[in-house]
Structure formats: structure tokens, C-alpha cells
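Here's the structure we're looking at; comments come further down.
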Amino acid sequence: KEMQAAGETVTSLCVGEPDFLPPQAVLDATVAAVTAGDTRYTAVTGTLELRNAIAQDLHRRKGVQYNPANEIVVGNGAKQCVYQGVLATCGAGDKVLVPAPYWPSYPEMVKLASAEPVIVQTNADSGYLITPQDLRATLESHPEIKLIILCNPSNPTGGVYHLEQLQAIANVLQDFPNVLVLADEIYERLVYDGDCPSFAAVDGMFSRTMTVNGFSKAYAMTGMRLGYVAAPLPLAKAITTIQGQLTSCAGSISQAAGVAALTQVTDKELEANVQIMKQKRDYVLEELSKIPNVKVAMPPNGAFYVLPDVSAYFDGDDAQLCLELLKAKKTGNRSWVQFWSSRDRAIELCHKHGRTWHGHEKVERILGRAKLERTIK
């Protein structure tokens, strides 16, 4: 950011947002809301029109039924909704299970709630998905665990839990009836092969699941800060109380845009964007395969991140590689250590529209230089 502020051009491959515009219907609804003077406070939980649209979308696509009157809370982005879900369910003395690699905000949110994160390492053999065996062992050894954060598809691995894996997790949870689940499904419309069911739709899981979703990723509405959590009444009520004392409602103009996203943007239009992202993913994977000693243990099946193993370079110091890429090639990447891994060394590349091709060329050149320097030494 300092380099950009100084007027330098930095190619960022680390920010989790599409760089295409929101659908035209969303843009039109935004303008219409401003023109109509739709700038007042709404209910803390959001406008009823938006909550109705969310409930209908979840029922149509995911097969889950929420009461829009009191089981859906609209917030200022999915991130706020995740945090409020943690605050509503956990406190001092509680523990929260977080599969790794993870979005770096998860454990920090848990700590802010005075709870303790329990990190469970996954690996490429399982697709970086938590296994039923590891889940059971962790719950048995940590009886203080009150909540599981399940990101599906995963940020940062792109791993996707399909119905079979979700059912296996649910089978384990049947033996731990006091453990709740926060299902972060913000990337669920960005899946390249197969589907991504809602965890709340799995048998026996609705009453213990908080489903978080939003408009940032699929609809490219990141700056509009609009997300939601759908949960059974007791949980939704607690989250509403918290939000009422933190931020009150989400922006009224963003909410009008959200209604248009859910009621006017077609599945076909969104799928076209997914196919563009899939092409970019395939391009990045193909080009990375051409760089000596760079491996991708598990090609991502969802979201828009790729995690190449770069441990053969810079003596395995992935943070140093990111610094070199920034200084020498003005390319921003994220080190694997931010997502917690005790063994692997990788960097996160966000394969976004437009910047992907240019950014990858910079990565390839800096790795080629590092290989040459090591050979000379």
C-alpha cells in the first residue's frame, strides 16, 4: 500500500476480491436507491425485502427454510457476521475448532471473544479438508470446544466439502450434541466441479448451524459490505442483540443492491463468471507446472486462490520470497505462514481477472532468478 501511495504500480495477487464489476442489475439498483433517497436506517436485521430474498434463495438453491422475520440477520459484510457468530456462542473458557489452513481472521476473532482457538492441521492427502477421524479425536481431547468454524469452499486452499464429506462430519457431531457449527459459505457459488451443499441442510444439523454468506465474492460487491447470517431463532436473536450495539444496520443502499442481486441476476450470468475464473485457474496451474520445483499439491476446486509449494526457493522461506516479489517485481502475494502450516512453505496467488497473466509472469521471473543465483553459488 505504501508503494501504491507513492505512485508505483503493484500487481496484487493477494486480495480476495474479483476485479470485474457487479452485475448491471446491481449497479442499476444502486443508482435507483440513491436517486430515490433510500438513505435511512433500516431495521437492525436488514430490510424485510432483502431478508425475504435471502430466505427464498436459500430455500431454492440449498433446500433450507429460514423465517425471514427473525432467523436472518443482514450485516456489514460476511466478516462481521462471522465475528458476531463467534461472539454469540463463545466466551472465556470455551474453545473453537479451526481447521488449518485457515483464513487468518478466524483465530483472531476467537481470541477477541476471549475463547481459545484449537487448530487442526489438514493435509493434501485429504484435500485439505478435516477428516471425521481428526474431528472426533480433537473433540474427545478438547471437551471445551463449543464451536467449529467450517469454511466451504475453503479460503485459502479452494478445497470443497461435498455432501459425502459433510455427512461424515455430521455423523461425528451426532455424538457431541453441544458443539455448534459456523458454516462460512461465502465462496459457495464459486465451485468448478460438483456442488457445494449447505451444512445446515445435512440431516440433524439445521438446529446447530449458523450459515454465513454474502455478496462480495459471487457478485463482486466487496466494497458494498453486505453479508448475512441465517440461523435458528435463539442464535439469530443473540446475533441481533450484538449487532444492535455494534453497527446497527447495514447500509440501506447496499441492501437495495443485494435485493437486485438475488432477484434479478440469473444463475446463468453468475455461472459465466465462474467459467472465466475456472479458465484463469487452469492457466495458473499450467504455468506453475512449468516452473522447476514448484508444485501444487491440491488443485483448488472452489474460491479463487492457488497455493503453490515454493519450498525449493529462498531456503524454504516463503515470507522472504513474498518480500522479494514485492521489491523486485512489485507483485503482492501472501505467505503460507499466515494460514498456519508447520511443514509446507507456499504462497497464495489470487487468480483474478485481468491481473492474473501479468502477475504470474512476474512470479515466474523471480523464481527463475532465484534458481540461477542458487546455481551460481
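Around the amide H of VAL118, modelled in the peptide plane, lie the amide H atoms of VAL96, LEU97, VAL98, all under 5 Å away and 5 or more residues distant in sequence or on another chain. For the chain, the dipole from Cβ point charges (+1 on Lys and Arg, -1 on Asp and Glu) about the Cα centre works out to 700 debye, to the nearest 20.
How many Å² of accessible area per residue for the range 144-279, probe 1.4 Å? Spell out each step's value before the answer.
Values: 4780 Å² over 136 residues.
In whole numbers, the range 144-279 has 35 Å² accessible per residue.
Expressed as a whole number of Å, what is the distance separating the alpha-carbon centroids of the range 9-59 and the range 167-184? First find each Cα centre; the distance between them is then 32 Å.
Distances longer than 26 Å among the Cα atoms of the range 101-231: what percent of all pairs is that? Roughly 18 percent, rounded to a whole number.
Counting only DSSP beta bridges with both residues in the chain, what percent are antiparallel, rounded to the nearest 5? That works out to approximately 45 percent antiparallel.
Annotation for the range 1-98: GluC sites (Glu not before Pro) lying in DSSP loop with at most 16 further Cβ atoms inside 10 Å of their Cβ are GLU8. Take the Cβ atoms of ASN171 and LEU285, set R0 to 51 Å, and the FRET efficiency comes out at 0.95. Note on LEU163 and ASP28: their simple-model spin labels are 3.6 nm apart, each label 7 Å out from Cα toward Cβ. Over the chain, the fraction of Cα-Cα pairs per 20 Å bin, rounded to whole percents and listed from the shortest bin up, is 28, 57, 15, 0. With q set to 0.08, 0.12, 0.14 Å⁻¹, the log10 of I(q)/I(0) for the range 15-168, from the Debye formula over equal scatterers at the Cα positions, is -0.32, -0.70, -0.92. Short-range pairs are left out: with C-alpha atoms under 8 Å and at least six residues apart, the relative contact order of the chain is 24 percent. Helix 24-35 and the long axis of the chain differ in direction by around 60°, with both axes built from C-alpha atoms.
Per the 1.4 Å probe, what fraction of the accessible area of the chain, in percent, lies on carbon and sulfur atoms?
That fraction is 52 percent.
Relative to the longest principal axis of the Cα atoms of the chain, the long axis of helix 233-246 lies at roughly 70 degrees.
With 26 Å as the limit, the listed pairs LYS217/LYS268; LYS79/LYS330; LYS111/LYS330; LYS278/LYS327; LYS280/LYS330; LYS295/LYS330 have LYS79/LYS330; LYS111/LYS330; LYS278/LYS327 beyond it between alpha carbons. Here the 3J(HN,Hα) profile of the range 197-214, calculated from phi with Karplus coefficients 6.51, -1.76 and 1.60 at θ = phi - 60°, is x, 7, 5, 5, 7, 6, 3, x, 9, 4, 6, 10, 10, 9, 9, 10, 8, x Hz, Gly and Pro shown as x. Counting only alpha carbon atoms, the long axis of helix 48-62 and the longest principal axis of the chain meet at about 60°. Projecting label points 7 angstrom from Cα along Cα→Cβ for GLN133 and ASP193 puts them 2.4 nm apart.
The values are calculated or read from the model by the stated rules, or taken from the named source; none is laboratory data. Source: prediction; values computed, not measured. Using ideal geometry, Cβ is built from the backbone for each residue, glycine included, and neighbour counts are taken over all protein chains shown. Ligands, DNA and RNA are excluded from the accessible area calculation, which covers all protein heavy atoms including side chains. Shrake-Rupley method; radii C 1.70, N 1.55, O 1.52, S 1.80 Å.
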